[in-house]
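Okay, structure first, notes after.
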Amino acid sequence: MGQFLLRRLFDAVPTVLLVLTLVFVAMRILPGDPALAALGDNALPEQLAAFREQFGLNKPLWRQYLDFLAGVLTFDLGRSLLHNQPVVSLLAHALPFTVELTLVATFIGVGIGVPLGVLAATHRNRLPDSGVRLFSLVGYAVPDFYLGALLLIVFSLNLGLFPINGGGVGFWDRMYHVMLPAITLAFLKAAFIGKLTRTSLLEVFGKDFVRTARAKGAREGRVIYRHALRNALLPLTTGLGISLLATLSGSVAVELVFNRPGVGTLLIGAISERDYAVIQGGIIVFALLVVVVNLLIDLLYIAVDPRLRVQA
Amino acid sequence: MTLAADYTELIAPEPSRLVILRQVLLDRPSTMAAVAMIGVFVLIATFAPLLAPYDPLTQSYIKINRVPSAEHWLGTDQFGRDVLSRMIFGSRNSLIIGVLAPLLAAIIGTTLGVVAGFFGGVVDRIISRAVDLLISFPELLLAIIIAAALGGGFWNIVIVLAAAFVPNFARVARAQTMAVRAEPYVEAAVASGVTTWRIILRHIVPNIAAPIVVLMTLWTASAIRLEASLSFLGLGTQAPQPSWGNIIRDGLNNLFGSPWPVIGAGLAITSVVLAFNLLGDTIRDVLDPETSS
């Protein structure tokens, strides 16, 4: 296991390097002149020169690339022009709010989605199944920021049950603040996980070992949860990875709706204010989070399926 | 004793895809409803200037942030613009981008996938590696990253969304090309000296078209939802041009005054995405029965 972990981490190095290269390319080459883009058309030549000097834009491209990589390695991502703070400390402050939202949303989404999928699979083509199908259709169609706005209108503005914005201070207050945005993101997740659980369970239900379990008189609950669901975990793990990433990207818009001080809010604010260093830092954080989630899912495969342990 | 040949006229000919499509549509009322819904939105988008009660861009400082009334069914926004008219014109944006972005992604992605699958070797390794990496990123995140670099505006959204979808098309096109390339008729074409480009255009592309078309319809719904998301984030359709996403963005600033712009525009997005999802599932079942669930 330890050896496998090491090798997977080592495998991730070229991926991270490639991701950072893409970020570099996106930030330096696509937009034309970043100085002009950041300062606007009315900027004075001296301002443009100072900007280029500060971000090393007048150096040759290969040098900029190496400086960029060195900066990432030493946690030096420059300073925010808007907040006048190091980008790394801004990100360090924002990241826990985003991670917290993603994790709570995942717990709620899986907690609702898996039982729904079991319900649909055990009542195939009956009312609960149709209900779950309808739920997943709507769940796929409703944009998360819209659902967030609706929940905000009903539960915060009209009923006053939840806070309108912010991230909260202290554990319980933070949980209180994260609840509504997390439910928003969990909705889509539950729809996806529910549908996936149903499909994978139905596939497993046809297998011999399920029939054997039933034949030897195991209770239905034991058949479903001990025998069937455990064998349906592999596709569910893949689904969990996909939905974790979807939640991560969905968090950008949902943070904006609830005005949470997370990485998404920071990034979008930086884009509209053309705060160059923060845009770059925010993108790097999201890109690295994607790599980390994919790594975690790979490890989860091993935990879920002992057969993979032998191959690894 | 009768010969099997006597029965041949009793065996129904393989139905054409059009016939299957008609049957499937009649079998599934939900698909019929979806087609009707899409039809309604296409009509609204086409006749937007006739249907909209006001100009979507005209501002009025004496009618700022009005609640819904007989005059303005969904109220007015912070610039006094009629929200219903903005929603009606916003449908154009959503539908056109919903068609254009998957189309562009299909063209670029199929080209990359066919080249990788047909020629193999180093080209394949480079393309596959890039596709594997990009596919591990959620489309929205990829779109946000590219939009952050490119900026908003109509053509930029099309490019951003297409770029985010390309890996999916490339992966499917590559796998399909490799399967078709092993078919005897391709071998026969190679053996009889048909040029490479002719083989690709005449034998490969037509035979991988079905799954690509399925993918295009499936991504239409996503394109519409992502355009709304980007516009909501301020990275998509730029003010003052109306889009369902930026109507919700504007409406969010005035939630205390009137929630109706947010509710209305969100309903429009949800119903169009729902309709295209349903239609996409049906088209997949008809054209590509193997991959359907």
Worksheet item: Per residue, how much space in cubic angstrom lies within the convex hull of the C-alpha atoms of segment A:197-312?
Response: 126
Discussion item. On a straight-distance basis, which lysines could pair with A:K195 in a cross-link, Cα separation under 26 angstrom, same-chain partners fewer than 8 positions away excluded?
Written reply: A:K207
Discussion item. Mean-square fluctuation check for chain A, GNM, Cα pairs under 10 Å: which of A:P261, A:P60, A:P115 is largest?
Written reply: A:P60
Worksheet, complete the sentence: Relative contact order as a percentage, chain A, C-alpha pairs under 8 Å and 6+ apart, gives 25
Fill in: Stokes-Einstein diffusion coefficient of segment B:20-118, Kirkwood radius over Cα pairs, 37 °C, 0.692 mPa s, in µm²/s
198
Worksheet, complete the sentence: Scattering profile of segment A:131-190 from the Debye formula, Cα beads only, expressed as log10 I(q)/I(0) at q = 0.28 Å⁻¹, is -1.11
Worksheet item: Using a Gaussian network for chain B with springs between C-alpha atoms less than 10 Å apart, which of these wobbles most: B:S94, B:S16, B:S222?
Response: B:S16
Practice prompt. Compute the Rg/Rh shape ratio of chain A: radius of gyration over Kirkwood radius, all on alpha-carbon atoms.
Written response: 1.06
Worksheet item: Convex hull volume of the Cα atoms in segment A:36-114, per residue, in Å³?
Response: 159
Discussion item. Taking the 0 to 90 degree range and rounding to the nearest ten, how far is the long axis of helix B:17-27 tilted relative to the main principal axis of chain B, both from C-alpha atoms?
Written reply: 50
Response to the item:
Computed over chain B: longest principal axis from alpha-carbon atoms vs helix B:205-233 long axis, angle to nearest 10 degrees, is 20
Worksheet, complete the sentence: Semi-axes (Å, rounded, descending) of the ellipsoid equivalent to segment B:133-271 per its C-alpha gyration tensor are 43, 14, 11
Worksheet item: How long is the protein assembly as shown along each principal axis, judged by its Cα atoms, biggest number first, in Å?
Response: 97, 63, 60
Worksheet item: Out of segment A:86-188, which trypsin sites (Lys or Arg not before Pro) are coil in DSSP terms and have no more than 13 other C-beta atoms within 10 Å?
Response: A:R124, A:R126
Worksheet item: Can you give the percent of C-alpha pairs in segment A:78-188 whose distance is more than 22 Å?
Response: 49
Practice prompt. Starting from the Kirkwood radius over alpha-carbon pairs of segment A:249-294, derive D by Stokes-Einstein at 4 °C in a medium of 1.567 mPa s and give it in µm² s⁻¹.
Written response: 121
Worksheet entry | Inverse of mean 1/r across different Cα pairs in segment B:55-200, Kirkwood, Å | 18.6
Practice prompt. Report the relative contact order of chain B, percent, no decimals, based on alpha-carbon pairs under 8 angstrom and at least 6 residues apart.
Written response: 24
Worksheet entry | Size-normalised alpha-carbon gyration radius of segment B:65-112, reference 2.2 N^0.38 Å | 1.81
Practice prompt. Taking H placed 1.01 Å from N in the peptide plane, check which residues at least 5 places from A:R79 or on another chain put their amide H under 5 Å from its amide H.
Written response: A:V87
Worksheet item: How large is the charge dipole for the protein assembly as shown, taken about the Cα centre, if only the Cβ atoms of Lys, Arg (+1) and Asp, Glu (-1) carry charge, to the nearest 20 debye?
Response: 1340
Fill in: Top of A:P45, A:P86, A:P235 by mean-square fluctuation, Gaussian network on chain A, Cα under 10 Å
A:P45
Worksheet item: Where does the Debye-calculated log10 I(q)/I(0) of chain B sit at q = 0.09, 0.12, 0.13, 0.16 Å⁻¹, using only Cα point scatterers of equal weight, no solvent?
Response: -0.56, -0.86, -0.96, -1.22
Response to the item:
Given unit charges at Cβ for Lys, Arg (+) and Asp, Glu (-), the dipole magnitude of chain A about its Cα centre in debye, nearest 20, is 1800
Fill in: Selection from A:L266, A:L188, A:T212, by position along the positive dipole direction of segment A:180-312 (Cβ)
A:T212
Worksheet item: Can you give me the relative contact order of segment B:23-162 as a percent, contacts being Cα pairs under 8 Å and 6 or more apart?
Response: 18
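Quick note: the coordinates plus some simple rules give every number you see, no bench work behind them. Note that the structure is predicted; figures quoted are calculated from it, not measured. Cβ: placed from backbone, ideal geometry, glycine included. Neighbour counts: every protein chain shown.
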